[in-house]
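To keep things clear, I will list the structure first and then write my remarks on it.
The values are calculated or read from the model by the stated rules, or taken from the named source; none is laboratory data. Computed from a prediction, not measured in an experiment: that's the story for all the values here. FYI the Cβ positions are ideal-geometry reconstructions off the backbone, even for glycines, and counts take in every protein chain you see.
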Amino acid sequence: MKSKAPFIKDLALPVIAAPMFLISGPELVIECCKNGIVGTFPALNQRTSEGFEEWLIQIKSALEQYEKETGKKPAPFGVNLIVHQTNPRLQADLMLCIKHKVPLIITSLGAVSQVVDAIHGYGGLVFHDVIKKRHAEKAAEAGVDGLILVAAGAGGHAGTINPMTLVAEIKRFYHKTIILSGCISTGRDIASAMQMGADLAYMGTRFINTSESMANDNYQKMIEDSTASDVVYTAAISGVHANFLGDSLKAAGITQEDLKKDTKVDFGKELDTEAKAWKTIWSAGQGVATIDDTISVEELVNRLKTEFKEAIDEQIKLLEVYPK
């Protein structure tokens, strides 16, 4: 059955600000939602489930207050859950999401029907991120409401497939919400994602360089100074292939030989030693090529709106040149 996420029509832009490890916190989420795009964060950005619940309460309270003061309904927010056997907090964090009725849950590294059913039980939506067709088929079987297609060049745990091919391949059998991730940094990029057949654009790296993100100044400066060729794709850091800023790998003493090593996936470890590593080894997608400043979420969303409209208007004018 064809079914798109109902909140899409109420957004200021068809955008989800992706949940980024050690980067996305309450301030970033709240400002995204106030400005009409979906704000999200990983549950594991808080070191304990108790802290995670505090963030949920903070976000919900701020958005309720915003709606009360302005009369405007903010965009929904979401939480990323790592559905992997090595994540010791999954059950506790899932229960908190159910308790607080988090509108959107983004699942990674495992699409489990029991998790999907639990979220559906209170009316929440579940989007699952995938990098290939086989993963998408499994997630569809689990009953997820949307698929996040993580294409080549995306920040974090990225895939290797061209976005045009990935969207076309998945849309052949999946007819719910399609979200595209990978090198989306401008309003024109958002328009391009829509042209490819996506319903929403998934933007991560561009939101690292906002004043509300938890990234430090050096991280943001490195993004501004980097090009697409400065991004390194490796599984040596977490056991799952991801894109990182090459200069941060060098600064951490990571050698070419180190990058070839296999690392076992263990998200219990990530809560401790892994988190320390990611504070100095910085992830980013190839979209760094078009990022040269750090601005507020409000400024960024307004810029994206202008660029998006200009791109759509240019596309419409093409019909005058190629009417048939």
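Just a few scattered comments:
- Checking Glu212, Glu224, Glu274 one by one, the residue that is charged (D, E, K, R), crowded, with 16+ Cβ neighbours inside 10 Å and modelled with pLDDT of 95 or more is Glu212 and no other.
- Failed item in (1) under 16 Å from the mean Cα position of the chain (by Cα); (2) surrounded by fewer than 21 Cβ atoms within 10 Å (Cβ to Cβ); (3) at pLDDT 95 or above; (4) not acidic (Asp, Glu), with Gly51 passing the rest: (1)
- Which listed residue is within 17 Å of Thr205 (Cα to Cα), touching a strand residue (DSSP E or B) at 6+ places or on another chain (Cβ under 7 Å) and either touching a residue at least 24 places away in the same chain (Cβ under 8 Å) or in a helix (DSSP H, G or I) (or both), from Gly78, Gly39: Gly39
- Take the conditions (1) part of a helix (DSSP H, G or I); (2) within 23 Å of Ala139 (Cβ to Cβ); (3) modelled with pLDDT of 95 or more; Gln114 misses just one of them, which is (3).
- Residue match in the stretch 58-72 (condition: more than 18 Å from the chain's Cα centre (by Cα), of a type in the set (A, V, I, L, M, F, W, C) and part of a helix (DSSP H, G or I)): yes
- Every residue from the stretch 1-33 that is under 22 Å from Asp199 (Cβ atoms) and free of Cβ contacts under 8 Å to residues at least 60 places away in the same chain: Pro6, Lys9, Val29, Cys33
- Every condition in (1) surrounded by 22 or more Cβ atoms within 10 Å (Cβ to Cβ); (2) under 30 Å from Gly246 (Cβ atoms); (3) touching a Ser or Thr at 6+ places or on another chain (Cβ under 8 Å) holds for Val144 except the one numbered (2).
- Failed condition for Val102, given (1) of a type outside the set (Phe, Trp, Tyr); (2) surrounded by 18 or more Cβ atoms within 10 Å (Cβ to Cβ); (3) within 30 Å of Leu245 (Cα to Cα): (3)
- Selected residue (only one of Leu28, Leu56, Leu81 is aliphatic (A, V, I, L, M), crowded, with 21+ Cβ neighbours inside 10 Å and within 30 Å of His175 (Cβ to Cβ)): Leu81
- Entirely in the stretch 131-222, the helices (runs of 4 or more DSSP H) that have 3 or more residues that are touching a residue at least 24 places away in the same chain (Cβ under 8 Å) and over 28 Å from Ser3 (Cβ atoms): 205-208
- Residue match in the stretch 15-30 (condition: assigned to a loop (DSSP other than H, G, I, E, B) and at pLDDT below 95): yes
- Only residues that are of a type outside the set (A, V, I, L, M, F, W, C), touching a helix residue (DSSP H, G or I) at 6+ places or on another chain (Cβ under 7 Å) and not in a loop (DSSP other than H, G, I, E, B) were counted in the stretch 42-56, giving 2.
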